[in-house]
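Undergrad: Quick one: structure below, then a few questions.
Nothing in this text is a laboratory measurement; each read-out follows from the coordinates by a stated rule. Since we're looking at a predicted model, the values are computed, not measured. When we count neighbours, we look across all protein chains shown, and the Cβ atoms used for this are built from the backbone with ideal geometry, even at glycine.
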């Protein structure tokens, strides 16, 4: 049971089905259920715009249109936010410290990193308008008070965007890399309209065009998910491989890459192995004399503490949503062997005999025990039997 009661938000489907089947893929509208809004407000501890504007330890923005029709936001102090709201301006609340637990729960529920899930509030005044734009996030909004009308449409101009853009704005070069054609001046003609009353739920997939208007005071809850992309995963994997090489860490005031640099880059990419990128991979087989192993990628090794009898080492796996560190207390006699393995280029294959040649003070059983420890910590991986 989630603190916000999300289990029933997407009825008739539950959260587990909503995630893979819908989020980021297609819109979803669930008609209003006043009890849903009441339960959400009770969980948030916010029952009105007055309650929201009384929150502390958060960031507040005035949300408004400029004279040229473009919309913008400006951070304002809490006291000013109250006065601006009373004067008819919409206020948007972000980084709400009291919602941190809800954000952690949201991240876990949808399988994103902790900083990729946000829980925010919009307090709209009558006639508040947000012009057509798209965002690089998946949005779930729940209407808490009043009414807000949304119009949404698929985005064929810049699908799967990496940054937001609104009509009337200049299209930045980074968006032009994947945008197609003339930038639209308004939301596409195939936009679908949804009027949200208290307890209504709307999912707007990442990149969808959307615009809103409020004909009365409105308060809505916004759950924002920044989805991981294959581009993020690929760039992180390549960086984790390159950062081990001092050549790539060196200062480069002239960052142009030569043919030789690109050849080195291609070699680094060729060392990436999908086994090293999967955080769920486990090797529970015993270490046998004829087994072959490889120095795994996406992993770092370091000494944390040297004691009288044992040394504590840390092995960090850098793949997946978040880094995962394994600490191991081992006999200090194992350190030369660990250091040799750590310095190997990713993907370098070796066997027990190679390890014993590098660490002749180890007995065969000790070498097997060390490999077992490093398999569990993911510093090495077992090579397939030929």
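Undergrad: Over segment 231-270, what lengths in whole Å, largest first, do the semi-axes of the equivalent ellipsoid take, defined as the square roots of 5 times the eigenvalues of the alpha-carbon gyration tensor?
TA: Listed largest to smallest, the semi-axes of segment 231-270 are 17, 12, 10 Å.
Undergrad: Could I ask something else about it? For segment 81-158, what ratio Rg/Rh do Cα atoms give with a Kirkwood hydrodynamic radius?
TA: With Rh from the inverse mean 1/r over Cα pairs, Rg/Rh is 1.00.
Undergrad: Here's another thing I want to ask about it. Between the helical axis of 100-110 and the dominant principal axis of the chain, each derived from Cα atoms, what acute angle in degrees is found, rounded to the nearest 10?
TA: Tilt relative to the chain: about 70 degrees.
Undergrad: For n ≥ 4 DSSP H runs only, could you compute -39500 (n - 2.57) per run for the chain, divide by its residues and tell me the 222 nm figure to the nearest 500?
TA: -8000 deg cm²/dmol
Undergrad: Using the alpha carbon gyration tensor of the chain, what are the three equivalent-ellipsoid semi-axes (square root of 5 times each eigenvalue), largest first, in whole Å?
TA: 51, 25, 20
Undergrad: Label 7 Å along Cα→Cβ of residue 356; segment 281-299 residues with amide nitrogen under 13 Å?
TA: Under 13 Å, as judged by backbone N against the label point of residue 356, lie 288-291 of segment 281-299.
Undergrad: Beyond 22 Å, what percent of the Cα pairs of segment 6-227 remain?
TA: 51 percent
Undergrad: Of all alpha-carbon pairs in segment 274-382, indicate the percentage at a distance above 16 angstrom.
TA: Looking at segment 274-382, the distances longer than 16 Å represent 55 percent of pairs.
Undergrad: Moving on. Does anyone have the angle between helix 34-44 and the longest principal axis of the chain? Alpha-carbon axes, 0 to 90°, nearest 10?
TA: With rounding to tens, the tilt is 50 degrees.
Undergrad: Report, in degrees rounded to the nearest 10, the 0 to 90 angle that the Cα long axis of helix 230-242 makes with the longest principal axis of the chain.
TA: On a 0 to 90 degree scale, this one is about 30.
Undergrad: In addition: Which order do peptides 180-190, 99-109 fall in by mean Cβ count within 10 Å, highest first?
TA: 99-109, 180-190
Undergrad: Would you please classify the overall shape of segment 111-200 from the alpha carbon gyration tensor, given that a ≥ b ≥ c denote the square roots of the eigenvalues, rounded means a/c under 1.5, and beyond that prolate means a/b larger than b/c while oblate covers the rest?
TA: Since a/c reaches 1.5 but b/c is at least a/b, the shape of segment 111-200 is classed as oblate.
Undergrad: Can you give the relative contact order of the chain as a percent, counting alpha carbon pairs under 8 Å and 6+ residues apart?
TA: Contact order relative to length: 15 percent.
Undergrad: Right, next: Which FRET efficiency, nearest 0.05, do residue 127 and residue 15 yield, Cβ-Cβ r, R0 45 Å?
TA: It comes out at approximately 0.80.
Undergrad: Tell me, what is the FRET efficiency for residue 177 and residue 306 to the nearest 0.05, using R0 = 41 angstrom and their Cβ-Cβ distance as r?
TA: Efficiency, rounded to the nearest 0.05: 0.25.
Undergrad: Peptides 270-278, 215-223: what's the order by average Cβ count within 10 Å, highest mean first?
TA: Packing proxy ranking, top to bottom: 215-223, 270-278.
Undergrad: Rounded, prolate or oblate, given the Cα gyration tensor of segment 1-65, with a/c below 1.5 counting as rounded?
TA: The shape class here is prolate.
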